[in-house]
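J.: Take a look at the following structure, please.
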Amino acid sequence: MTDDDTLRSQRFYHGTKADLELGDVIEPGYASNYGAKKKAAYVYLTATLDAATWGAELALGDRPGRIYVVEPTGPIEDDPNLTDKRFPGNPTKSYRTRDPLRVTGEVTDWEGHSPEELDAMRDHLERLKARGIEAIED
């Protein structure tokens, strides 16, 4: 099995605060939920529920976090924001794509991080922002 085939056989998730339905697509080109909210050139996905949980919890907005099961419609690549800078070898199984993700399900029984973990992550992101480092780079 090729690496691409191995990736295709995994279950992928996308954490957000958007209210989506089965069959909807998540596409690049909209304002990012992170950083300066510039137009996103990629959409992000992960093969771990923990990484999707962070996405759902840290996305901007007042809606509750949601975790969707998604299917990539095109090629995916390692997310260099995490894999090259913070977690070499991609242990978070974080990816990005320029193609839409199709919503095929929703995880409704996920457990969020503790308030202390969320506060620590938000503080870390604020320190990065103060140094001019955005959470998402295209």
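Nothing in this text is a laboratory measurement; each read-out follows from the coordinates by a stated rule. This structure is a prediction, so every number in the text was calculated from the model and none was measured.
J.: Give me a comma-separated list of calculated 3J(HN,Hα) values for the stretch 15-23, in order, Karplus coefficients 6.51, -1.76, 1.60 applied at θ = phi - 60°, integers in Hz, x for any Gly or Pro.
T.: Those phi angles translate into x, 7, 10, 6, 9, 10, 10, 4, x Hz.
J.: What are the ³J(HN,Hα) values, in whole Hz, obtained from phi via the Karplus relation 6.51 cos²θ - 1.76 cosθ + 1.60 with θ = phi - 60°, for each residue of the stretch 123-130 in sequence order, with x given for Gly and Pro?
T.: 4, 4, 5, 5, 5, 4, 4, 4
J.: If you don't mind, there's one more thing I want to ask. Subtract the Cα-Cα distance of E126 and D78 from 0.36 nm times their separation in residues, and report this length gain in nm to one decimal.
T.: Length gained between E126 and D78: 14.8 nm.
J.: If amide hydrogens are placed 1.01 Å from N in the peptide plane, which non-local residues have theirs closer than 5 Å to the one on F12?
T.: V70
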